[in-house]
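Take a look at the structure set out below.
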Amino acid sequence: MALRSSRTVTGTGIRLTFNLFVSFLTVAVFLLLALSSLYTSSADPSDLGVGISHDFRRVGSLRRSVLALKSDPLKPRLDQIKKQADDHRSLVLAYASYARKLKLENSKLVRVFAELSRNFSDLTSKPLYRTLFDSDGNSMNESVLRQFEKEVKERIKATRQVVAEAKESFDNQLKIQKLKDTIFAVNEQLMKAKKQGAFSSLIAAKSIPKSVHCLAMRLMDERITHPDKYTDDGKLTPPEFEDPSLYHYAIFSDNVLAASVVVNSAVKNSNDPSKHVFHVVTDKMNLGAMQVMFKMKEYNGAFIEVKAVEDYKFLNSSYVPVLKQLESAKLQQFYFENKLENATKDTTNMKFRNPKYLSILNHIRFYLPELYPKLHRILFLDDDIVVQKDLTGLWKIDMDGKVNGAVETCFGSFHRYAQYMNFSHPLIKSKFNPKACAWAYGMNFFDLDAWRREKLTEEYHYWQTLNENRTLWKLGTLPPGLITFYSTTKPLDKSWHVLGLGYNPSISMEEINNAAVVHFNGNMKPWLDIAMAQYRPLWTKYVDYENEYVQGCNFGF
């Protein structure tokens with residue numbers, strides 16, 4: 001009994017002890033949790049986890065994240081505000097740059113955008129706000145940050161207002177700029193089309209139509225078939241060719257049909273054809289065709305001399321500057337370059353790239369006193385003219401000691417010497433008046449005695465040699481003619497010579513009908529398909545349609 005009682009007491013004590021231990025442990029845990037909660041609410045977050053288990057450190061870290069969200073972290077806010085400020089600063093800089101592009105340099109708008117950009121820069125560079133960027137999130141002053149945010153927002157608001165107000169102005173300027181760009185692009189296309197058109201027109205003007213080529217070939221065939229019938233070899237030169245008392249004409253051409261029209265029109269409108277002598281000079285290739293054309297028909301007693309330029313032996317490269325210049329490699333490259341972009345570089349003077357402008361057949365007009373040494377006066381006619389009246393009145397004009405009788409072409413500021421020569425060259429500037437009136441080649445009455453006295457062929461040689469590099473003028477025969485006959489040209493009445501039928505559609509028919517000579521100068525020659533229809537009959541009525549070779553070549557005039 002005593003033993004059982006003793007065991008009972010002992011068991012009871014153990015249970016009591018265990019219960020007390022459990023109760024103590026529960027209280028301890030509760031107290032520990034209470035103390036932990038109190039400690040974490042009052043202590044610095046960085047001290048969490050010191051002296052406690054891993055679980056408590058995880059609970060403290062979770063609590064720290066929640067508090068961080070509730071406390072609105074300052075560093076991210078600062079970065080966001082600064083980014084907004086930088087974005088709007090970049091925006092106003094872009095608008096200012098675009099305003100300058102739209103030619104608004106002097107406008108108030110550009111200055112406003114520039115000022116806004118400086119305001120953003122000045123704001124972020126203030127010493128008070130620089131502390132925000134230099135500090136970390138823990139030591140950042142929230143009141144300073146809020147002040148910074150307030151000022152940034154004020155500037156952003158002002159920026160957006162300026163952009164909104166400027167939008168209409170920018171839209172209008174943008175439309176204007178787009179319109180300008182469109183006009184510029186269209187103008188570029190127009191200039192390109194003009195160059196292409198001018199080049200095509202030049203090719204059309206300088207090419208030989210099939211019918212004209214056919215005529216030359218058939219006449220040449222006749223010359224080869226019957227050589228004795230058309231040759232002048234062994235025959236005495238008619239004295240009329242050198243008779244200074246007769247009316248002499250000089251015609252230099254490689255176009256058989258055109259030359260025949262000049263002679264036909266002059267003969268038909270002369271009062272006494274038997275007193276007129278026509279000196280036709282061509283190249284050796286067309287000599288036979290010219291001989292046949294002018295020997296197949298009687299010209300009412302008029303005298304016609306046909307010669308090749310090669311027959312004049314003194315016209316060689318040792319004497320004639322243009323022949324010597326044609327031997328230059330640079331000049332050959334300039335003339336015979338076959339690239340379109342090179343041929344159309346200079347549309348104003350594109351026609352002068354044609355090699356004919358250095359052809360001796362084009363320049364022998366400067367050697368008239370030597371070609372016809374026994375003559376006193378001679379009338380030079382281009383092959384694209386039509387004579388409409390008797391021209392003997394020219395021989396009655398008092399030349400006042402001048403060499404060249406020509407119709408002046410200047411009116412207003414047009415066709416002055418400045419248009420034909422390079423007055424930036426000191427030699428040209430010192431010798432000539434840029435406002436001097438230009439005159440026309442095509443119908444020129446020359447006093448050969450005065451020419452010889454003034455030694456103008458030597459003058460021509462001097463200037464032509466100086467222009468070897470094309471620094472004085474752009475080539476052609478008119479500029480050296482203006483130079484050679486400067487101050488030695490007598491102006492003729494404009495009714496003697498009406499020009500422009502090869503390019504000007506606005507010449508009055510009254511003016512044309514009153515003219516002694518009409519000139520188809522320009523690209524639209526009357527024997528070409530591109531000729532102007534209203535003027536072509538003036539020329540075609542002098543074509544010899546009775547000629548069997550003309551009939552056989554299908555001229556569609």
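The values are calculated or read from the model by the stated rules, or taken from the named source; none is laboratory data. Please read these numbers as outputs of a predicted model, since none were measured by experiment. Here Cβ is always computed from backbone atoms with ideal geometry, including for glycine, and neighbour counts include all displayed protein chains. We work out accessible area using only protein heavy atoms, side chains counted, and drop any ligands, DNA or RNA first. Shrake-Rupley method; radii C 1.70, N 1.55, O 1.52, S 1.80 Å.
A simple packing score, the average count of other Cβ atoms within 10 Å per residue, orders the peptides 84-90, 303-309, 390-396 as 303-309, 84-90, 390-396, with the highest score first.
As a rough guide to protection, the peptides 218-225, 260-267, 113-120, 277-284 ranked by mean Cβ packing within 10 Å, highest first, stand as 260-267, 277-284, 113-120, 218-225. With a sphere of radius 15 Å drawn around the Cβ of Leu499, what net charge do the other residues whose Cβ falls strictly inside it have (Lys, Arg +1; Asp, Glu -1)? That sum, taken over residues with Cβ under 15 Å, equals -4.
A cut-off of 5 Å between modelled amide H atoms, ignoring neighbours fewer than 5 places along the same chain, links Val387 with Ser265, Ala266. With 0.36 nm allotted per residue and the present C-alpha distance subtracted, the Leu128-Arg453 stretch has 107.3 nm of extension available. If you count Lys pairs in the range 176-276 whose Cα atoms are under 27 Å apart, skipping same-chain pairs closer than 8 places in sequence, the total is 15.
Phi angles across the range 287-302 convert, under the Karplus curve 6.51 cos²θ - 1.76 cosθ + 1.60 with θ = phi - 60°, into 3J(HN,Hα) values of 4, x, 5, 5, 4, 5, 4, 8, 9, 7, 9, 8, 9, 6, x, 5 Hz, Gly and Pro given as x.
The local environment of Glu546, defined by Cβ-Cβ distances under 14 Å, has a net charge of 0 under the rule Lys, Arg +1 and Asp, Glu -1.
Can you tell me which of 285-296, 430-441 comes out highest on packing, and rank the rest after it, using the mean Cβ neighbours within 10 Å? Please list the in-between numbers first.
Numbers: 285-296: 21.7, 430-441: 16.2.
Result, highest mean first: 285-296, 430-441.
Separation of the range 228-242 and the range 427-454, taken as the distance between their Cα centroids, equals 35 angstrom.
The portion of the accessible surface of the range 445-507 made up by carbon and sulfur, rounded to a whole percent, is 49 (1.4 Å probe; DNA, RNA and ligands excluded).
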